[in-house]
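The values are calculated or read from the model by the stated rules, or taken from the named source; none is laboratory data. Bear in mind the structure is a predicted one, so any value in this text is a computation, not a measurement. Here Cβ is always computed from backbone atoms with ideal geometry, including for glycine, and neighbour counts include all displayed protein chains. With ligands, DNA and RNA removed, areas are computed over all heavy atoms of the protein, side chains included. Shrake-Rupley method; radii C 1.70, N 1.55, O 1.52, S 1.80 Å.
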Amino acid sequence: MSRTSWWASKARQLGRHLVARVSASERDELAAWLRPAELELYDAMHVADRRHGLDVARVLRRGGEHVPVADAAAVLHDCAKGDTGPLPRVAWSLGEAYGPWVWALARRVPGWDAALTRLETHAEASARLVESAGLPLFAVDLVRHQAEPRDPTYGLAFRAADEAC
């Protein structure tokens, strides 16, 4: 990905984060197929992560990858990011692109160390949460290995859908 397209993608993500909403009808639709423990995790997520999860699931389904547990994993894959605001997320992305020195500098901002740690560890922490909510190992693995998928079919489709949103 070129630097220009990377910046465009990150600007789009930031804009989506700032205006993220989930309609009552979208939430009601989820209640029809998520189990109560899964729905509880979803409701505890930051609205931007809830919106993103819905979008990832939509992209997966549109791509022909409709497996209900994969949809649940998509909706919940960022459930451990917590209340992390947009600026630590920007710092995290810049660190991924330009190196860990960005993270070291950002960790000096009051309150950002915990936020950056949540972003750094969110895949594993989210996997533990979805496992405790009763999702099967297949879904747990999709969440745990979201950045470096192990499943050659669904894992790669999952990552592509995540990156597209």
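Within the range 133-143, which residues are of a type in the set (Gly, Ala, Ser) and either without any contact (Cβ under 8 Å) to a residue 40 or more places away in the chain or surrounded by 14 or more Cβ atoms within 10 Å (Cβ to Cβ) (or both)? First the steps, then the outcome.
Taking the range 133-143 and keeping what is of a type in the set (Gly, Ala, Ser), we get 133-134, 139.
Correct list: Ala133, Ala139.
Looking only at the range 109-165, count every residue that is in contact with a helix residue (DSSP H, G or I) (Cβ under 7 Å, 6 or more places away or on another chain) and either among the basic types (Lys, Arg) or on the phi > 0 side of the Ramachandran plot (or both) and tell me the total.
3
Among residues belonging to the range 145-165 that are under 17 Å from Ser126 (Cβ atoms), modelled with pLDDT under 90 and in a loop (DSSP other than H, G, I, E, B), point out the one that is nearest to the chain's Cα centre (by Cα).
First, pick out the residues of the range 145-165 that are under 17 Å from Ser126 (Cβ atoms): 145-151, 154-155, 158-159, 161-163, 165.
Adding the requirement that they be modelled with pLDDT under 90 leaves 151, 154, 163, 165.
Remaining after also requiring in a loop (DSSP other than H, G, I, E, B): 151, 165.
Values: Asp151: 18, Cys165: 9 Å.
Within the range 145-165, the match that is nearest to the chain's Cα centre (by Cα) is Cys165.
Has the range 73-83 got at least one residue that is closer than 24 Å to Ala125 by Cα, in a helix (DSSP H, G or I) and not hydrophobic (A, V, I, L, M, F, W, C)? Quick ask: steps written out before the conclusion?
Taking the range 73-83 and keeping what is closer than 24 Å to Ala125 by Cα, we get 73-83.
Now restrict to residues that are in a helix (DSSP H, G or I): 73-76.
Cutting the leftovers down to not hydrophobic (A, V, I, L, M, F, W, C) gives us none.
The answer is no; no qualifying residue exists.
Do you know which of the residues in the range 61-71 that are over 21 Å from Arg21 (Cβ atoms) and out of contact with any Pro (no Cβ under 8 Å at 6 or more places or on another chain) is surrounded by the fewest Cβ atoms within 10 Å (Cβ to Cβ)? Quick ask: steps written out before the conclusion?
First pass over the range 61-71, keeping only residues over 21 Å from Arg21 (Cβ atoms): 63-70.
Filter once more, keeping what is out of contact with any Pro (no Cβ under 8 Å at 6 or more places or on another chain): 63-68, 70.
On the way: Gly63: 12, Gly64: 7, Glu65: 19, His66: 11, Val67: 17, Pro68: 10, Ala70: 24.
So, considering only residues that are over 21 Å from Arg21 (Cβ atoms) and out of contact with any Pro (no Cβ under 8 Å at 6 or more places or on another chain), the one surrounded by the fewest Cβ atoms within 10 Å (Cβ to Cβ) is Gly64.
Name the residues in the range 118-132 that are more than 22 Å from Ala91 (Cα to Cα) and open to solvent by less than 70 Å² (accessible area, probe 1.4 Å), would you? Can you show your working first?
Going residue by residue through the range 118-132, those that are more than 22 Å from Ala91 (Cα to Cα) are 127-132.
Answer for the range 118-132, where residues must be more than 22 Å from Ala91 (Cα to Cα) and open to solvent by less than 70 Å² (accessible area, probe 1.4 Å): Ala127, Leu129, Val130.
Please enumerate the residues belonging to the range 94-117 that are loosely packed, with under 15 Cβ neighbours inside 10 Å and either touching a Phe, Trp or Tyr at 6+ places or on another chain (Cβ under 6 Å) or assigned to a loop (DSSP other than H, G, I, E, B) (or both).
Those that are loosely packed, with under 15 Cβ neighbours inside 10 Å and either touching a Phe, Trp or Tyr at 6+ places or on another chain (Cβ under 6 Å) or assigned to a loop (DSSP other than H, G, I, E, B) (or both): Gly99, Arg108, Val109, Pro110, Gly111.
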